[in-house]
Structure formats: structure tokens, C-alpha cells
Amino acid sequence: MKRTVLSAFFVLFTSSFCLAQSFKTEEGKATFYSKVPLHSFEGNSENLTGLINLDDGTIDFYIDLETLDTGNGKRDKDMKLTLETKKYPFAEFFGKLVSDFDPESFSIQDVTVRGTFKIHGEEQEIEVNGTMQMREDGLF
């Protein structure tokens with residue numbers, strides 16, 4: 001069976017203030033990288049939905065796999081068939097912030113999150129490094 005490997009599924013999101021130290025987005029961007037025999041490619045989606053709760057460090061993101069776009073219609077169709085998006089319509093990450101983050105600072109801060117990435121009915125524990133920044137309009 002042809003297998004698609006997805007990693008580094010989220011890159012950035014703009015958020016709106018939700019509760020005291022919780023931020024959510026329904027307009028986030030996800031970028032993914034895939035390696036299949038003989039080539040690799042990347043794609044994205046502008047439909048990442050997520051929540052970051054700074055009070056307890058929980059992070060929850062999901063994406064509708066039908067919104068993935070690699071810039072190649074045939075490849076997109078084949079990828080969605082392989083991922084069985086009708087049966088497994090979403091990819092999700094649920095985890096915790098495992099590094100320090102200072103919400104009082106407006107500087108870009110390196111962060112690490114650890115949790116469970118679920119796609120195509122399979123779950124895998126992963127650790128992702130990235131950056132977060134507090135801004136006047138929320139978390140970036």
C-alpha cells in the first residue's frame with residue numbers, strides 16, 4: 001500500500017483572544033511534508049483550527065484533510081484517496097507545552113510541545129519545536 005508520511009503539520013496560526021489565557025484560531029495555516037517513493041513534496045491548508053491554553057499548557061489542533069493542497073490536483077486526489085479522507089476526515093494533535101513560555105514578553109520565544117498526532121486512524125507520540133509570540137492582538 002502506498003503510504004504518505006506527514007510531519008511538522010503545523011507552522012503558524014493567528015489567534016483570537018478567547019478566555020484569560022486561552023487562544024483559539026479557526027484561520028490557521030498548516031504546512032506538511034510528505035515523502036513517497038521517488039520523490040517528496042509539501043503542501044498546506046489555510047483551515048487549521050486550534051486552541052492553546054496557557055493556564056494548563058494544553059494544545060489542541062485539527063485540520064480537515066479535504067483542504068490539503070499540494071499545488072497538483074492529481075496528487076491531491078491520490079493523497080486524499082490514500083488517506084481515506086471520507087472515512088478519516090481530520091488530522092489532530094493534542095498535547096502539552098513542555099517548555100517555558102512567558103506570556104508577559106512580546107519577544108519571539110522558542111517552544112516545544114509534546115503530544116499525540118492522529119491521522120488515518122493511527123496515533124503517534126511526537127515532539128514539535130516551534131516559536132510563539134504574544135502580540136497586542138493575541139498569540140502568534
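The values are calculated or read from the model by the stated rules, or taken from the named source; none is laboratory data. Nothing here was measured: the structure is a model prediction, and the numbers come from that model. Note: ideal-geometry Cβ built from the backbone for every residue, glycine included; neighbour counts use all protein chains shown.
Here are the numbers for the structure shown:
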item	result
Residue, nearest to Thr31 (Cα to Cα), within the range 42-73, restricted to residues that are among the polar types (S, T, N, Q) and in contact (Cβ under 8 Å) with a residue 24 or more places away in the chain	Asn44
Count of the range 79-88 residues which are surrounded by 12 or more Cβ atoms within 10 Å (Cβ to Cβ) and among the charged types (D, E, K, R)	2
Hits in the range 32-78 (condition: hydroxyl-bearing (Ser, Thr, Tyr), surrounded by 17 or more Cβ atoms within 10 Å (Cβ to Cβ) and part of a loop (DSSP other than H, G, I, E, B))	none
Flag if Tyr88 is modelled with pLDDT of 95 or more, out of contact with any helix residue (DSSP H, G or I) (no Cβ under 6 Å at 6 or more places or on another chain) and of a type outside the set (Val, Ile, Thr)	yes
Qualifying residue in the range 60-82 (condition: among the acidic types (Asp, Glu), at pLDDT below 90, under 23 Å from Phe23 (Cα atoms) and out of contact with any Ser or Thr (no Cβ under 8 Å at 6 or more places or on another chain))	no
Output for the range 89-139, where each listed residue is surrounded by 15 or more Cβ atoms within 10 Å (Cβ to Cβ), in a loop (DSSP other than H, G, I, E, B) and of a type in the set (A, V, I, L, M, F, W, C)	Phe101
Selection within the range 117-133 - in contact (Cβ under 8 Å) with a residue 24 or more places away in the chain, of a type outside the set (Phe, Trp, Tyr) and closer than 21 Å to Phe94 by Cβ	Lys118, Ile119, His120, Gly121, Ile126, Glu127, Val128, Gly130, Met132
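Here is a yes/no grid of residues against (1) in contact with a strand residue (DSSP E or B) (Cβ under 6 Å, 6 or more places away or on another chain); (2) closer than 19 Å to Gly121 by Cα; (3) among the hydrophobic types (A, V, I, L, M, F, W, C):
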position	(1), (2), (3)
Ser22	yes, no, no
Lys29	yes, no, no
Pro37	no, no, no
Glu42	yes, no, no
Asn47	yes, no, no
Ile52	yes, no, yes
Asp56	no, no, no
Tyr62	yes, yes, no
Glu66	no, yes, no
